[in-house]
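The structure appears right after this line, and notes come after that.
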């Protein structure tokens, strides 16, 4: 057993009082420093004066001056004299179509339409000389007018046919004979009358040569009997309507139309409706219908 006095001295316990005091002192210094910083005015310490409006000088607070850009004024445009407005004149009314005939002696007696065997159509207009002008009985070179006879050339020399004829497709001269006489005589008269009328009309057409072809419709002779006064076998004044001086104009609606077929069907339909193509007679009463 060791001697008490020989034992090592007991170790001294470490004291933390000094450390605690040091920390308290530092805390106190921090509080004091914080209080001191709060009482400072802005700009005295820790605040950049240029970052606040109060620290800026008066010149810095003035609004920025924008640079003035000079814009050149556009040169004035040359003055243009005002053009007076022109008032459009009303369009002139279209001129009326030229008359088909300027000679009043020709009278329109019928307008009708016919179709050929294929259904193609053509329009027709029939004309006759007015009054008592017909072919002279038993003659093919003279006409009868109020008891006077004159040659075909003289009767048609002064015709002034209107320019409207030139728009037609064909002019058809009608040849016809009355019931008196033999069939041979009347067939000859019908043929020659049709060709004499064709030549007279063609010579007076106000068109270029060949612009409107001329043909003949040979009807032969009428088979309708005429009752003459007692004691007379021939009464040409009563049978005069059977010898008309007539022509028909054709205007085909489609190219290639058979004018002969369309003319025949058109006349038949027109007369079946109770109308007539030639005044005082029926085409169906004649012995022929030959268009050539």
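Scanning region 207-241 for residues that are touching a strand residue (DSSP E or B) at 6+ places or on another chain (Cβ under 8 Å), closer than 19 Å to residue 165 by Cβ and surrounded by fewer than 15 Cβ atoms within 10 Å (Cβ to Cβ) gives a single hit, 213. Might you check whether a residue that is touching a helix residue (DSSP H, G or I) at 6+ places or on another chain (Cβ under 7 Å), at pLDDT 70 or above and either surrounded by fewer than 17 Cβ atoms within 10 Å (Cβ to Cβ) or closer than 19 Å to residue 200 by Cβ (or both) occurs anywhere in region 102-111? No, that holds for no residue. Taking the criterion of being in a strand (DSSP E or B) and either under 30 Å from the mean Cα position of the chain (by Cα) or closer than 13 Å to residue 113 by Cβ (or both), the residues of region 240-270 that qualify are 248, 249, 250, 251, 252. With respect to residue 246, determine if the residue is in contact with a strand residue (DSSP E or B) (Cβ under 7 Å, 6 or more places away or on another chain) and closer than 18 Å to residue 291 by Cβ. Here the answer is yes, as residue 246 does meet what is asked. I'd like the full set of residues that are without any contact (Cβ under 8 Å) to a residue 60 or more places away in the chain, outside any helix (DSSP H, G or I) and touching a helix residue (DSSP H, G or I) at 6+ places or on another chain (Cβ under 7 Å), limited to region 271-280. Of everything in region 271-280, just one residue is without any contact (Cβ under 8 Å) to a residue 60 or more places away in the chain, outside any helix (DSSP H, G or I) and touching a helix residue (DSSP H, G or I) at 6+ places or on another chain (Cβ under 7 Å), namely 280. Selection of region 173-185 for residues being without any contact (Cβ under 8 Å) to a residue 60 or more places away in the chain and within 14 Å of residue 135 (Cα to Cα) yields 175, 180. Counting only strands (runs of 3 or more DSSP E) that sit wholly inside region 120-179, those with at least 1 residues that are modelled with pLDDT of 75 or more and farther than 16 Å from residue 215 by Cα are 121-129, 142-145, 170-177.
Would you check which residues across region 209-232 are touching a residue at least 40 places away in the same chain (Cβ under 8 Å) and in a loop (DSSP other than H, G, I, E, B) and list them? Those that are touching a residue at least 40 places away in the same chain (Cβ under 8 Å) and in a loop (DSSP other than H, G, I, E, B): 211, 212, 213, 223, 224, 225, 226.
The values are calculated or read from the model by the stated rules, or taken from the named source; none is laboratory data. This is a predicted model, so every value here is computed, not measured. Neighbour counts are summed over all protein chains in view; Cβ atoms, including those assigned to glycine, are modelled from backbone coordinates with ideal geometry.
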